[in-house]
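These notes are about the structure you will find just below.
Rule-based calculations on the coordinates, nothing more; no lab input. No experiment lies behind these values; they were computed from the predicted model shown. Every residue, glycine as well, gets a Cβ built from its backbone with ideal geometry; the counts of neighbours run over all protein chains shown.
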Amino acid sequence: MNTSRTHCTPRFSLDYVELAESVSRVSKTKRTRVFASAACLLCLALAVSPAWAEEVPDCEDGQTEPCKTSTEPENRPAANLAGPEQVENRLYIDSNQVTPLFPSDFARGYFNWKEQVKKDKVVDFGGDYSLAYLKASDSPGDDEAFGGMYRFYGSWEATGDGKGNSGALIWKIEHRHAYGGYIPAGSLGFEIGYTGMFLPPFSDQGTRLTNLYWRQRIKGGNLVFIGGFVDPTDYLDVYMLASPWTGYFNLAFSTGSASIPLPNEGLGLALGGYLNDNLYMIGGFADSNSDPAHPGDGFDTFFNDHEYFTHFEIGWNSTRETAFLNNVHLSLWHADERKAAATPNGWGANLSWSRSINSHWITFVRAGYAKDGGSLLEKSLVGGVAYQTVPGGNQLGVAANWGTPNESTWGPGLKNQKTLEVFY
């Protein structure tokens, strides 16, 4: 039987960035080399997952029929086209058997109660607390960042016919904060003169509404619609190592490869589905001016400003059950001009390829191009590999990025920059 377990996973990441020219407003220092970090993300979570899905046997004692695997769940729709941090995916991953750092039955009663609530009330929920400390060897501004985040998320499956068609209310509420006089981890990149971000979710926004939307599956789960307060990174340019909780810290190795001007979570719509067993399409749009810390203002910006981020993606998965593990996709986007932010309109394209080898290795190559729009990078090329000994076990990841800063965002004259990240 799959058993949820509480465990604490310390993660260490080393980022080496070579900056052709500092973009910091504090200093115009050229050719700054920064060793950003000895960075540590300590997840004190109710459950922490492996970075990608694997086939983990799920057998009853004395069972004579072939065991099911975690890639063949009874209640998991085949058409789930979202990333690992989408609420339903995070809950599903957390419910699976994992390899804890400190095995313990301390919270077994809590998880048994939570599972009973899910069965009786069709309400599933979870939460976690994470903290991050980053240190740069040299910086024209602040050289340390320290902060944390609490997340509470869940789903209420209000309708369903047992045939893949269902409707659910999805929510996620967070509190993001820095400690003492430190800046949050998401701000350190700009302080050291780097055209990029480490751990973008870690800010000092305080309480924020990250998700509150309706998810509807129709056509036997082959077509999925969502509408409400959405996070476009849940379903745009997804690959299995994009989550900073289980994969790479640097935005260059996450959604968009730092070449997409990702909007804040806010009002939006999206539609996705499979054209056949492997080929899928996703499209949607979202408010470019949303502030999740003040979600009520989002109705004004969405309906009055009319400044939207739109996207379209076509991709191929080797199987639906292991979506984005063996995957290739092309993502196209357009960002409207944002007048108050003095950001020009723009467009771009991103290409991603990833493949799993022998259930231990995952390799990936990703590229992005942006024409204006306010993105961090105009051109971005990423390659990397990750390894785990057993499903849910320790992971080692290595990735490199070459990028060209976007002139419409930073001004002319900045040269290319190189980034290397290693995490364990």
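Values for this structure:
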{"quantity": "Order by protection proxy (mean Cβ within 10 Å, highest first), peptides 218-229, 246-257", "calculated": "246-257, 218-229"}
{"quantity": "For the range 218-241 and the range 155-193, distance of Cα centres in Å", "calculated": "14"}
{"quantity": "Over 29 Å between alpha carbons, listed pairs Lys119/Lys172; Lys339/Lys371; Lys121/Lys163; Lys172/Lys415; Lys114/Lys135", "calculated": "Lys172/Lys415; Lys114/Lys135"}
{"quantity": "Shape category assigned to the range 339-424 from the gyration tensor of Cα positions, a/c cut at 1.5", "calculated": "prolate"}
